[in-house]
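Coordinate-derived values only; no laboratory data. Everything quoted here is computed from the prediction, not taken from an experiment. All Cβ positions, even for glycine, are placed from backbone atoms using ideal geometry, and neighbour counts span all protein chains on display.
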């Protein structure tokens, strides 16, 4: 019985590996080490200060600042609303913790938003540029 379990385990592991690496157009999925970090700022000046620091510290290749984001949220038991500046930060998985720490250090919010999304694929040249721009 034990050899059968091992065969099933190995087959299942290979199926999972194949599924995770699948790409419908090229036949294989391209997982990257790159990340898109999202945060918001209370003003354009604050967003610019955070973006400048991330670029200067080589923690991000690019930071997009999107003005006029309307945020509706619950804070300390009350519904709140604010106009914010959304920031899209292109970085690497290796640099994410330092990006998160820098956001916390530079931000004026008591609890700044910081979410990290995996970049699965994209333009090979652009992805390479991100990788080369972040230390």
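Quick notes on this structure:
- Qualifying positions in segment 110-135 - in a strand (DSSP E or B) and surrounded by 13 or more Cβ atoms within 10 Å (Cβ to Cβ): 116
- Listed conditions (1) surrounded by 11 or more Cβ atoms within 10 Å (Cβ to Cβ); (2) not in a loop (DSSP other than H, G, I, E, B) are all met by residue 81, apart from (1).
- Scanning segment 76-106 for residues that are farther than 18 Å from residue 36 by Cα and in contact (Cβ under 8 Å) with a residue 24 or more places away in the chain yields a count of 3.
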